[in-house]
1. Determine one quarter of the surface area of the Cα convex hull of the chain, which equals its mean projected area, and express it in nm² to one decimal.
2. Please find, in a Gaussian network model of the chain (springs between Cα atoms separated by less than 10 Å), the residue of Asp12, Asp87, Asp61 whose mean-square fluctuation is greatest.
3. Could you please rank Val146, Val70, Val10, placing first whichever residue has the fewest other Cβ atoms within 10 Å of its Cβ?
4. I'd like the distance between the alpha-carbon centres of segment 56-75 and segment 91-150, rounded to an integer number of Å.
5. Report the residue, chosen from Arg149, Arg101, Arg36, that carries the largest GNM mean-square fluctuation when the chain is represented by alpha-carbon nodes joined by springs under 10 Å.
6. For Asp33, Asp125, what ranking results if the residue with the fewest other Cβ atoms within 10 Å of its Cβ goes first?
7. Below 8 Å, C-alpha to C-alpha, sequence gap of six or more: please give me the relative contact order for segment 14-161 in percent.
8. Please sort by residue number the GluC sites (Glu not before Pro) in segment 114-155 whose DSSP state is loop and whose Cβ has at most 12 other Cβ atoms within 10 Å.
Amino acid sequence: MALEVRWATVDDAEALATLLCTMAAHYRQAPLDHSRAAATARQWLSDESPAYPHFALAFADGEVAGLASVAIAHPGIDLERLMFLKDLFVRDGARNKGVGRVLVRFLAGECLAKGIGRIDLTTEDWNEGALRFYDRLGAERHGQKVFLRLSGDALNRAAGT
C-alpha cells in the first residue's frame, strides 16, 4: 500500500469532510451532514495560516485514510514551541496498516524541521487501542495534568454573557 501524508489545503475539503463524518460515526456522535461538513472544512482550510496548517491528511493508494488535527502553541517554558495533537484518526479499513505511524512520523518531522520541541496529546483512558499505539511509539504518560473543558453554560459565564 502506497502511503502519502501532506498538509490539507482547500482542495482537500471533501476528503477532510469524509473523515470528519466517519470520525463522528466511529465515536458514536450524531451523524454529520457531509455537505455541511465539506462547507465547514472549506472554511477552516481557507482560514488557516499557511505557516501552521492544522490538518495533516494521509492517503492510502490515493484514498483518504486518516487525519491528524494539530495546533502550535508557544509555551513560556524553555522558549520551545509545542505541537498539540488534538485528534489522530484512521478509517476502519486502513487501521493497523501503518497510517497512524506515518501521520505521526510526518508531524515529528515537521517539528524537527521547524524547531518545535515536542508533541503533546491526550486520549481517553478507555481507548486501549490508542494507548497501545502511543506506547509503541514511546510516548510517555504524564499524570501531572488534569484535562478540563469550558463549554456551554460555563463558556458563556467565562465570557461574561
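Computed from the coordinates by the stated procedures, all read-outs in this text should not be read as laboratory data. What you see is a predicted model, and the numbers here were worked out from it, not measured in a lab. Because the Cβ atoms are built from the backbone with ideal geometry, glycine has one as well, and the counts that use them run over all protein chains shown.
1. Working: hull surface 45.5 nm².
Taking a quarter of the hull surface, the average projection is 11.4 nm².
2. So, out of Asp12, Asp87, Asp61, the one fluctuating most is Asp61.
3. Details: Val146 5, Val70 25, Val10 14.
Ordered by Cβ neighbours within 10 Å, fewest first: Val146, Val10, Val70.
4. 12 Å
5. Result: Arg149 has the largest fluctuation of those listed.
6. Details: Asp33 12, Asp125 9.
Ascending Cβ contact count within 10 Å gives the list Asp125, Asp33.
7. Values: 154 pairs, mean separation 22.7, N = 148.
Across segment 14-161, relative contact order equals 15 percent.
8. Glu124, Glu140
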